[in-house]
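Colleague: Pasting in a structure now, in structure tokens, and then I'll have a few things to ask.
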Amino acid sequence: MENLIAGAEMLVRWDVMLALLVGSVGGVIIGAIPGVGPAVAIAILLPATFSLDPIVGLTMLLGIYGSSMYGGAIPAVLINTPGTAVNALTSYDGYPMTQRGEPHRALSLAYSASFWGGMFGIICLILLSPVLARIAPMFGSREIFLAALLGIILVVLAHRGQIFAAGLLAMFGIFLQTIGLDGVTYTQRYTFGLSFLSSGINLIVVVLGLFALSQAFFLLTAPDNIPDTKPVSGRMSAGLKELMKHKRVATVASVFGVILGMIPGTGEFTAQFMSYTYAQKTSKTPEAFGKGSSEGLIASEAANNAVPAAAMIPLLALGIPGEALTAMMLSVFYVHNVIPGPQLFQNNIDLVYGLYFALILLNIIVVTFLFFSTNLLIKIIRVPTRLLGVMILILSFVGVYSLRNSLTDCMIAAGFGVLGLVLKRLNLPIVPIILGMVLGGIMEVKLRSALPRLNTPFDMIDRPIAFIIFILILLVLALNIRTLFKECRAQRPDDDHDLHDSQTR
């Protein structure tokens, strides 16, 4: 009870409430503007949060992370353009509703399902984080190394059809974090005699380059566009009543979001597709999916909004981020010398409860704001894309320079911005680079710590948890290889048939 009171007291501070309000409302606005997304906003704000108290900085970033998907549903429903990438499935059924004259119904359903999924994820975070934190003291250096390795493998395998490219980009990220002065031997690594590389490649510089600057370059090089939207009339709270008719779909979708949110590399996309597929297969009207089905819209929004809270579970309990946004938040912990894991629940439990309360209040603020301000947000959507690109460019360079007052950091960020633009043009993933840098650093530290106590390679897995994680790694690799073989066999008869037809001709 004392911890609950301490967490509540931490939240009622004026600076924390202001950060929560700015983050939640700002996240909705950012999500509603196509072409920005939470990763860009968090990357820009990240340098500013380092000078704030941990609870203030984390609350602001959590506000953006948790609320952007609410806002992303607005353009997905109204103009068939997802505000954030994870709202893609929302447009499948939301836009057909708009076409048949029901935009208010589609938006109210999206808001209600998002609120359901968000609150479900928070409840699971509150229940599961302490359990995992109790197990976490059993994790030594070798267990955390193997867990981080499993995380990288899952991130790579999550990019179906691009596994080789994702693997190379993850290894590139691991390489980037090795550059600079080695903290153990105090020797230069991969600096090539360049003094500015002695301090290493800063993670935030890379994040700002790959996410924010690349998006700015992308918007500036694309044709200027002003989305055409019209005001919406009707009660936005009406969706809550309709949602109750589909409680089963919303709950199962939220469960998918929580389970897959905890697994590194899967996240919103997999949760959405699995929940959408489940809803379609169990629906009495499966033919309505993709044509304006309320069940499809609920499944999509409930699943993706359950993920943010679930992604915080491995971050808080083990200190292992599951995707790029939680990796950025991890840097805020480290800057303030607050180490996520079992010690966080022992030494900073008031911070943990403060974050719980912040997430609950965040969802209440956002859904209330959306019920009364949707038409105002529709006007904000009409921002010219090139103006948006210039704004992101300026804010990104200001953020990079404020880190260490270094023009070199600005040039490095610009280089990664160009790399990010090239990857976007080639439709290749960016996330593996960031997670490679974060998880690669964890792996290196833990492996060095474990090696002096290992006599043979088999000693790495001679403890129960280490052995279980090792088996999971083998199982994940085996299942993926099996899937690849099945796909090859399925394609081979078609290729043989085409070859036979060409020979007979």
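Colleague: When the residues of segment 45-54 are filtered to those that are open to solvent by 10 Å² or more (accessible area, probe 1.4 Å) and assigned to a helix (DSSP H, G or I), which remaining residue is farthest from residue 434 (Cα to Cα)?
Modeller: The extreme case among them is 54.
Colleague: Among the residues of segment 7-44, which ones are open to solvent by less than 40 Å² (accessible area, probe 1.4 Å) and assigned to a loop (DSSP other than H, G, I, E, B)?
Modeller: 33, 34, 35, 36, 37
Colleague: Looking only at segment 459-490, which residues are closer than 14 Å to residue 154 by Cβ and touching a residue at least 40 places away in the same chain (Cβ under 8 Å)?
Modeller: 469, 472, 473, 476, 477, 480
Colleague: Look through 122, 144 and report the one residue that is open to solvent by 10 Å² or more (accessible area, probe 1.4 Å) and under 23 Å from the mean Cα position of the chain (by Cα).
Modeller: One residue alone meets the criteria, 144.
Colleague: Does any residue in segment 211-225 that is farther than 12 Å from residue 44 by Cα come within less than 7 Å, Cβ to Cβ, of a residue that is of a type in the set (Ser, Thr, Tyr) six or more places away or on a different chain, and which pairs are these?
Modeller: Going by the 7 Å Cβ cut-off, the qualifying pairs are 219/385; 222/385; 224/385; 225/385.
Colleague: Right, another one. Filter segment 176-211 down to residues that are aliphatic (A, V, I, L, M) and either in contact with a strand residue (DSSP E or B) (Cβ under 9 Å, 6 or more places away or on another chain) or surrounded by fewer than 20 Cβ atoms within 10 Å (Cβ to Cβ) (or both) and give me whichever is modelled with the lowest pLDDT.
Modeller: Ranking the candidates gives 184 first.
Colleague: Shifting gears a bit: Starting from segment 344-355, keep only residues that are closer than 12 Å to residue 8 by Cβ and part of a helix (DSSP H, G or I), then list their pairs with residues that are among the hydroxyl-bearing types (Ser, Thr, Tyr) and modelled with pLDDT of 75 or more whose Cβ atoms are within a distance under 7 Å, requiring at least 6 positions of separation or different chains.
Modeller: none
Colleague: Looking at 357, 372, can you tell me which residue is under 30 Å from residue 113 (Cβ atoms), of a type in the set (A, V, I, L, M, F, W, C), modelled with pLDDT under 85 and more than 23 Å from the chain's Cα centre (by Cα)?
Modeller: The unique qualifying residue is 372.
Colleague: What single numbered condition from (1) in a helix (DSSP H, G or I); (2) within 24 Å of residue 207 (Cα to Cα) fails to hold for residue 321?
Modeller: It fails just one condition, (1).
Colleague: Which residues, taken from segment 355-364, are under 17 Å from residue 326 (Cβ atoms) and surrounded by fewer than 17 Cβ atoms within 10 Å (Cβ to Cβ)?
Modeller: Within segment 355-364, no residue meets the criteria.
Colleague: Here's another thing I want to ask about it. Given the conditions (1) at pLDDT below 80; (2) surrounded by fewer than 24 Cβ atoms within 10 Å (Cβ to Cβ); (3) at negative phi, which single one is not true for residue 337?
Modeller: (3)
Colleague: Going by the conditions given, is residue 301 over 19 Å from residue 49 (Cβ atoms), open to solvent by less than 50 Å² (accessible area, probe 1.4 Å) and part of a helix (DSSP H, G or I)?
Modeller: yes
Colleague: Has segment 178-189 got at least one residue that is under 30 Å from residue 74 (Cα atoms) and in contact (Cβ under 8 Å) with a residue 24 or more places away in the chain?
Modeller: no
Colleague: Kindly provide the set of residues from segment 327-343 that are assigned to a helix (DSSP H, G or I), in contact (Cβ under 8 Å) with a residue 24 or more places away in the chain and not aromatic (Phe, Trp, Tyr), ordered by number.
Modeller: 327, 328, 329, 330, 331, 332, 335, 342
Colleague: Of all residues in segment 309-330, how many are open to solvent by 10 Å² or more (accessible area, probe 1.4 Å) and touching a Phe, Trp or Tyr at 6+ places or on another chain (Cβ under 8 Å)?
Modeller: Looking only at that region, the number is 2.
Colleague: Among 367, 383, 400, which is open to solvent by less than 60 Å² (accessible area, probe 1.4 Å), in contact (Cβ under 8 Å) with a residue 40 or more places away in the chain and in a loop (DSSP other than H, G, I, E, B)?
Modeller: Checking each option against the conditions leaves just 383.
Colleague: Then there's this: Of all residues in segment 75-111, which are of a type in the set (S, T, N, Q), over 16 Å from residue 307 (Cα atoms) and at pLDDT 75 or above?
Modeller: 91, 98, 99, 108
Colleague: Report yes if residue 167 is open to solvent by less than 40 Å² (accessible area, probe 1.4 Å) and either part of a loop (DSSP other than H, G, I, E, B) or touching a helix residue (DSSP H, G or I) at 6+ places or on another chain (Cβ under 8 Å) (or both), otherwise no.
Modeller: The answer is yes for residue 167.
Colleague: Just a yes or no: is a residue in segment 342-354 surrounded by fewer than 20 Cβ atoms within 10 Å (Cβ to Cβ) and in contact with a Gly (Cβ under 7 Å, 6 or more places away or on another chain)?
Modeller: yes
Colleague: While we're on this one: Please go through segment 425-469 and pick out each residue that is over 30 Å from residue 189 (Cα atoms) and open to solvent by 50 Å² or more (accessible area, probe 1.4 Å).
Modeller: The answer is 425, 426, 427, 462, 463, 464, 467, 468.
The values are calculated or read from the model by the stated rules, or taken from the named source; none is laboratory data. This is a predicted model, so every value here is computed, not measured. All Cβ positions, glycine included, derive from the backbone under ideal geometry; neighbour counts span all protein chains shown. All accessible areas refer to the heavy atoms of the entire protein, side chains included, with ligands and DNA or RNA removed. Shrake-Rupley method; radii C 1.70, N 1.55, O 1.52, S 1.80 Å.
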